[in-house]
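Let me begin by presenting the structure, written as structure tokens, before commenting on it.
The values are calculated or read from the model by the stated rules, or taken from the named source; none is laboratory data. Not measured: the values here are computed from a predicted model. All Cβ positions, even for glycine, are placed from backbone atoms using ideal geometry, and neighbour counts span all protein chains on display. Accessible surface is based on the protein model in full, side chains and every heavy atom, while ligands, DNA and RNA are left aside. Shrake-Rupley method; radii C 1.70, N 1.55, O 1.52, S 1.80 Å.
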Amino acid sequence: AQGDFDGATGLYSQALAICQASLGDSHPYVAVTLNNMANVKQAQGDFDGATRLYSQALAIQQATLGDSHPSVADTLYNIALLKRAQRH
């Protein structure tokens, strides 16, 4: 929110490494971190990077939480916003 995208990316990368090391690659918290990293990529205009991260988050969420979980809906919403941003 402060516009420090490089700082946010560094912190989210550290958080992702910690989550993966302690919880494994397929934990819902990993998906939350991937989603947050995708938000930063999107804000930077890196739509390809954001798409990749949102897709990873969605795959983890669907596998661990099921298709009807609110977190899945949040990620799908983020993907929809990203697609909308790509058209403008």
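Quick one: net charge of residue 8's neighbours, Cβ under 13 Å, K/R +1, D/E -1? Net charge around residue 8: -2. Please compute the net charge surrounding residue 28, taking Lys and Arg as +1 and Asp and Glu as -1 over other residues with Cβ under 15 Å from its Cβ. Computed value for this residue: -3. Within the listed set 77, 54, 29, the residue fluctuating most in the Gaussian network model of the chain (springs between alpha-carbon atoms under 10 angstrom) is 77.
Comparing 64, 75, 33 in a Gaussian network model of the chain where C-alpha atoms under 10 Å apart are linked, the largest mean-square fluctuation is found at 64. Within the listed set 58, 76, 11, the Gaussian network model of the chain (springs between alpha-carbon atoms below 10 Å) gives the highest mean-square fluctuation for 11. Taking the protein heavy atoms of the chain in the context of the full set of protein chains, the accessible area attributed to carbon and sulfur is 53 percent at 1.4 Å. Using the Stokes-Einstein relation with a Kirkwood hydrodynamic radius computed over Cα pairs, the translational diffusion coefficient of the chain at 4 °C and a viscosity of 1.567 mPa s comes to 99 µm²/s.
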